[in-house]
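For reference, the structure is listed below as structure tokens.
The values are calculated or read from the model by the stated rules, or taken from the named source; none is laboratory data. Everything numeric here is computed off the predicted structure, so don't read it as measured data. Backbone-built Cβ (ideal geometry, glycine too); neighbour counts: all protein chains shown. Calculation scope for accessible area: heavy atoms of the full protein, side chains included, ligands and nucleic acids excluded. Shrake-Rupley method; radii C 1.70, N 1.55, O 1.52, S 1.80 Å.
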Amino acid sequence: MHNKFYDDIKKIDKFIRIENPTIDDAKELCKYLKFENYSKYVFQELRNPLWVELFQKIDFFSVVPDPIEDSENPGYFSFPRWWAGEYLAKLASQYPGIVRDVALDLETENSRAIKTMLDAILHIPPDLASQTVTSFERWSRTRFVHAMIIAYEMGHVMDYLSREGYFEAALEILRVITEPYPIKEQYREGTILAGSRHDIYWLRKALFESTTLLVTENSLGVVDVIESRLVESIDMEVHPEVYDEDDFKNHSYWRLNIDPDLDSDYRQDIKNMLVNVMLKAYYQACDRQLPEVSTYIEKYLVSEYAIFRRVAVHLLRLFGDQFTDLVERAYLLNKEEGKLAFRSEFERFLESQFGNFSTEIQHEILQDIYNAKNEDWFVERMDRLIEANPDRFVGKSREEKEESYIAEIRFRELYRFQNFLSGEYLDDFMRWEKEYKSPEPIIEGVVTVTEDDGPPLPFTEESVGDYSVEEIVRVLIDYSPPPDSGMRFETRTRLGRVLEVDVAKRCDEYSINTLLFKDEEIRFVYHSFLFSGLENAIKAEKRFDMDAILDLAEYLVQLDEDPFEKQDYEPSLESAKRAIAGFLEAFLRTKEPYLSGEQVEQIGKILKGLLWIEEANLELRKEIDVPSGFDPRTMSLGDDPATQSLNSIRGQAMHALITVSYTHLTLPTKRIV
């Protein structure tokens, strides 16, 4: 066998040295190329480009190695290199027509071969490259497309065609890679979510890196593609235990904050990635003052899908001066939903566009502030706060304390509109300005949680600021959800979101009181949102003391057991550790991580602990109920080993470890201030 190999190599070398090969030479050589070791040798040594046309004539480029299943690990596949394709890719600029023809005919489940073909397409003229796009959908729907960086490579072709002015072909690639695909939610029976056939990490990178020119030069073309895909994604999802089909359209809880710059929790959600691309396209369209945008916003304001109504209000908040005729209509159509479903976004819309409202609407908004004292929710909150902390309110009698509370709340609300106040409103504001501290700017981290979202909470986003950190911790320990609250509201999670927003606002207070959260009675759901809030504060470029925070993180990472009986789907100890990993990664990526050498060492210990965590949800693909028309072999989201490693606690910890290693080398002892 050994002698035969070398005898064959001698024969192959004779073919490689032929200066003017014939079709018969190509046929003879191909007898050897069906063996991988010979194929590798030939195409690594072959330099003569004349073989390309001969191989094409005998249809050799259509012979692509299939994926190979690991006999010892069923379900795991390797993807052999397509040596002939790599040879063609090297010579693509000399034979662009052949590259196009091979691409149009290429049918394979070997994702590595598809990647090779995409590399070749980048080296042929754009008119020919644009013709190959008709194959992209076929490649995108292959069984193992998630196993390689196909979406990212297709993104490169999309960017190439955009730079050359072939926008329709680029839009077709965008349509292909953003196709939603149903996946079964692991922990909720019967729930179907919108995912992607592609590896979600590389899809996100493609959308972030390769759409810049396309959204600039063909903004509304991008909007049309993404809008269609977003509707498909929402319609695809099934939440039998919570919503019926129409009800789900009218909810957008999955988008915690509409602003793409605050996207911190959407790494696995194709719907949120689509919203990000859509908004960036709209920003470009509005910057260029394209008149057609008005039609889109007008349509969105009355859309049956809540997410589009929110997009419309967000665009009017930022660009309302271009669409003054729609600003007032947006208020009238959304004032009730805005106050209840996405309060912080709606309040910012009112704040930024108050000057564009009519005098009547301005008066209505201000009167709503003054009339709030008559609302049940206002009275209940006031009673609860005064009874719990009577000494914190000005006045001796109960009546005086209530008047003080009402005045301070009104002052906080009027503060946003101070440049437009007159008459009694201005007089009140100027008087209260001398008595009360100016409110801090709102950090947009998550959607506001209000009393109307479910069973009453001990505090809401509006009232939590009236509590000290110590009082908040005591409330978290003592709180028990109502027995009939059900999964829909997930009340501890709702309370955790309130905590998250408050932590981002008052990170200094929380940072020096973090060890209060070391209490063994505090459930880990609150630790998860504590670290998420600190991460949001970092992204808002706030600085705070790290000592107690690192002590708490080290304590939590060392814990092995979760002793609490959780409400359905309540974040667990594992979630808290994931939040710690995300927080550390975000902190260490700041331009100047203000750390002492001792803190760097402590972070290293924490990351070492995170790297040894065995995550319960890292499992192989399971049998699932497949909707009609979809392939059960690929109906999953990010469950291949590569994606799991990137998006796991250990993956985030590894990213942070690399960063802290650099910090330690460059700043071993110096504290940056």
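Around the amide H of His251, modelled in the peptide plane, lie the amide H atoms of Ala306, all under 5 Å away and 5 or more residues distant in sequence or on another chain. Ranking Ser62, Ser344 from most to least accessible surface, computed with a 1.4 Å probe over the protein chains only, gives Ser62, Ser344. Computed from backbone phi with θ = phi - 60° and the Karplus coefficients 6.51, -1.76 and 1.60, the 3J(HN,Hα) list for the stretch 511-519 is 5, 7, 10, 4, 5, 4, 7, 7, 4 Hz; x is used for glycine and proline.
For the stretch 67-72, backbone phi angles converted through the Karplus equation (6.51, -1.76, 1.60; θ = phi - 60°) give residue-by-residue couplings of x, 10, 7, 6, 5, 8 Hz, Gly and Pro being listed as x. With an a/c value of 1.5 or above and a/b not larger than b/c for the gyration tensor axes a ≥ b ≥ c computed over the alpha-carbon atoms, the stretch 1-110 is described as oblate.
Sort the following peptides by mean Cβ neighbour count (other Cβ atoms within 10 Å, averaged over residues), highest first: 137-146, 363-372. Can you show the working numbers first?
Details: 137-146: 19.0, 363-372: 14.7.
Order by mean packing, descending: 137-146, 363-372.
Ranked by the mean number of other Cβ atoms within 10 Å of their residues, highest first, the peptides 89-99, 63-73 fall in the order 89-99, 63-73. Largest first, the residues Met382, Met430 sort by 1.4 Å accessible area into Met430, Met382. Checking every one of the GluC sites (Glu not before Pro) in the stretch 282-340 against DSSP loop status and a limit of 11 other Cβ atoms within 10 Å picks out Glu292, Glu304.
Annotation for the stretch 323-398: trypsin sites (Lys or Arg not before Pro) lying in DSSP loop with at most 10 further Cβ atoms inside 10 Å of their Cβ are Lys396. Kindly identify the stretch 272-405 as rounded, prolate or oblate by the Cα gyration tensor criterion: order the square roots of the eigenvalues as a ≥ b ≥ c, call it rounded if a/c is under 1.5, otherwise compare a/b with b/c, prolate if a/b is larger, else oblate. Prolate shape, in that a/c is at least 1.5 and a/b is the bigger ratio.
Rounded if a/c is under 1.5, else prolate if a/b is larger than b/c, else oblate: which is the stretch 32-182, with a ≥ b ≥ c the root eigenvalues of its Cα gyration tensor?
Working: a/c = 2.29, a/b = 1.11, b/c = 2.06.
Oblate.
Order the peptides 48-59, 249-260 from the highest to the lowest mean number of other Cβ atoms within 10 Å of their residues. Intermediate values should be presented prior to the final figure.
On the way: 48-59: 16.6, 249-260: 18.8.
Highest mean packing first, the order is 249-260, 48-59.
The stretch 160-182 and the stretch 36-106 have Cα centres separated by 25 Å.
The solvent-accessible area of Lys539, taken with every protein chain present and a 1.4 Å probe, is close to 100 Å².
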